[in-house]
Amino acid sequence: MRRTLKTLALLTLALTLLAACTKQKDSQHWVGTWTTAQQLVEPHNMPPDPGLSHNTLRQALRVSIGGDSLRVRFSNEFSNSPLVIWEAGIAQSTGGSSIDPNTSKPLTFNNNQSITIEAGSAVYSDALAFDLKNRDDLAITLCYGETAPDVTGHPGSRTTSYLMPGNQCDANEMPESIPTDHWYTIANIDVKAPARAASVAILGNSITDGRGSGTNKQNRWPDVLSEQLLANPATALTGVLNQGIGGNCVLKNCLGPAAVDRFERDVLMQHGVKWLILLEGVNDLGQTPDSLAAMQVANDLIAAYDQLITTAHASNIKVYGATILPFGYSF
């Protein structure tokens, strides 16, 4: 009897632990670990020759939080023609155009190697098992088919990408590639993370995008914030999503779409967002011709902030408003 009771106790404990592990696994959810705000790329920021069509582009980036599986979002949202990706892959970056081949894995779309992204659309890759660590450097390699003449991307990458003629997706390094300090097509990376994990989205302009930071240094202020959050056990499961666009405005289209227009895509549609930092408006004020116009813009900004805050609260997102930094004119 004693042995039977002991056996039952051990079985009960094992089932309890199994249930707990299953519950913990089931409670995982997608959380954004990296993003870059999308816009129509201006003519002077277009891909260099030979262009994207029928060629290979390797793009480097640094995530915030890690996970054991990921998915990547690709965007053709600001283009008027379809975009074809023949092949896509992801790997650990080892600097420059080089990757660690032991970590290289293909990205698929509904189990297909290729995908056509229609004009005005975006797609996610299939979920992929990947050992991603906090603040890892990744390289996403795209072999394009036909691409749109009007390109969707993010000009202010502060990170070098590498363009090669033809299909070079399997190359471990690209010594003859053409460098370009812009991102194209790539938009988001999500990771599977525990239920308590969440992300903070930062809606801003060039200050957030990385104005003043060094190319390939990964030292924008959102990068520094990510490092500080990871260093604190209480906030170590917080992803940081940089949605800054240099020259962006809140109320109207300046460089990139107005913040009030991109708010749904860049904040509400991001996965796992629990907090928002709103640091934007200096470009709206800076374009006013006189104090009377500036006062009207200031009032319009306050109304826009109220709208964004109310919308964020309705999605259970807490908002932190950052003060617009001082600026002046030189005559």
Wholly within region 19-103, strands (runs of 3 or more DSSP E) carrying at least 3 residues that are among the polar types (S, T, N, Q):
55-62, 83-95
Could you give every pair whose Cβ atoms fall below 9 Å, whose first residue belongs to region 87-99 and is within 8 Å of ALA139 (Cβ to Cβ) and open to solvent by 20 Å² or more (accessible area, probe 1.4 Å), and whose second residue is outside any strand (DSSP E or B) and of a type in the set (Val, Ile, Thr), counting only separations of at least 6 or pairs across chains?
GLN92/THR103
Would you check which residues across region 272-314 are open to solvent by 60 Å² or more (accessible area, probe 1.4 Å) and either under 27 Å from ALA193 (Cα atoms) or within 21 Å of the chain's Cα centre (by Cα) (or both) and list them?
LYS274, TRP275, HIS313, ALA314
Say whether the condition of being touching a Leu at 6+ places or on another chain (Cβ under 8 Å), free of Cβ contacts under 8 Å to residues at least 60 places away in the same chain and not in a helix (DSSP H, G or I) is met by at least one residue in region 273-280.
no
What's the number of the only condition in (1) touching a residue at least 24 places away in the same chain (Cβ under 8 Å); (2) open to solvent by 20 Å² or more (accessible area, probe 1.4 Å); (3) of a type outside the set (Asp, Glu); (4) on the phi > 0 side of the Ramachandran plot that GLY256 fails to meet?
(2)
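Residue-wise test of (1) of a type outside the set (Lys, Arg); (2) touching a Lys or Arg at 6+ places or on another chain (Cβ under 8 Å); (3) at negative phi.
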| position | (1), (2), (3) |
| --- | --- |
| ARG135 | no, yes, no |
| ALA148 | yes, no, yes |
| SER161 | yes, yes, yes |
| THR180 | yes, no, yes |
| ALA187 | yes, yes, yes |
| ASN216 | yes, yes, no |
| VAL224 | yes, no, yes |
| VAL240 | yes, no, yes |
Kindly list the number of the only condition in (1) open to solvent by 20 Å² or more (accessible area, probe 1.4 Å); (2) of a type outside the set (Ser, Thr, Tyr); (3) in a loop (DSSP other than H, G, I, E, B) that fails for VAL250.
(1)
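Yes/no matrix, rows are residues, columns are (1) more than 19 Å from SER79 (Cα to Cα); (2) modelled with pLDDT of 95 or more:
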site: ILE117; (1), (2): no, yes
site: VAL123; (1), (2): no, yes
site: ASP126; (1), (2): yes, yes
site: ASP131; (1), (2): yes, yes
site: ASN134; (1), (2): yes, yes
site: LEU138; (1), (2): yes, yes
site: THR141; (1), (2): yes, yes
site: ALA148; (1), (2): no, no
site: HIS154; (1), (2): no, yes
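What residue, among those in region 143-153 that are hydrophobic (A, V, I, L, M, F, W, C) and in contact with a Ser or Thr (Cβ under 6 Å, 6 or more places away or on another chain), is surrounded by the fewest Cβ atoms within 10 Å (Cβ to Cβ)?
Among residues in region 143-153 that are hydrophobic (A, V, I, L, M, F, W, C) and in contact with a Ser or Thr (Cβ under 6 Å, 6 or more places away or on another chain), the one surrounded by the fewest Cβ atoms within 10 Å (Cβ to Cβ) is ALA148.
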Cβ-Cβ under 7 Å pairs, at least 6 apart or on other chains, region 222-234 side among the small types (Gly, Ala, Ser), far side buried (at least 18 other Cβ atoms within 10 Å of the Cβ)
SER226/SER64; SER226/VAL240
Residues (of a type in the set (A, V, I, L, M, F, W, C), touching a Pro at 6+ places or on another chain (Cβ under 9 Å) and open to solvent by 10 Å² or more (accessible area, probe 1.4 Å)) located in region 230-247:
LEU237, VAL240
What pairs come out if I take residues in region 204-221 that are assigned to a loop (DSSP other than H, G, I, E, B) and pair them with residues that are of a type in the set (A, V, I, L, M, F, W, C) and crowded, with 18+ Cβ neighbours inside 10 Å whose C-beta lies under 6 Å away, six or more apart or interchain?
none
Residues of region 63-86 being open to solvent by 30 Å² or more (accessible area, probe 1.4 Å) and either over 19 Å from GLY239 (Cβ atoms) or touching a Ser or Thr at 6+ places or on another chain (Cβ under 7 Å) (or both), which ones?
ARG71, GLU77, PHE78, ASN80, SER81, PRO82, VAL84, TRP86
Tell me, please, whether a residue that is among the acidic types (Asp, Glu) and under 20 Å from the mean Cα position of the chain (by Cα) can be found in region 140-161.
no
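The values are calculated or read from the model by the stated rules, or taken from the named source; none is laboratory data. Since the structure is predicted, the reported quantities are computational estimates derived from the model, not experimental observations. A quick note on method: Cβ atoms are made from the backbone with ideal geometry, for glycine too, and the neighbour counts reach across all protein chains shown. Each accessible area value is taken on the protein alone, full model and side chains, heavy atoms only, with ligands, DNA and RNA left out. Shrake-Rupley method; radii C 1.70, N 1.55, O 1.52, S 1.80 Å.
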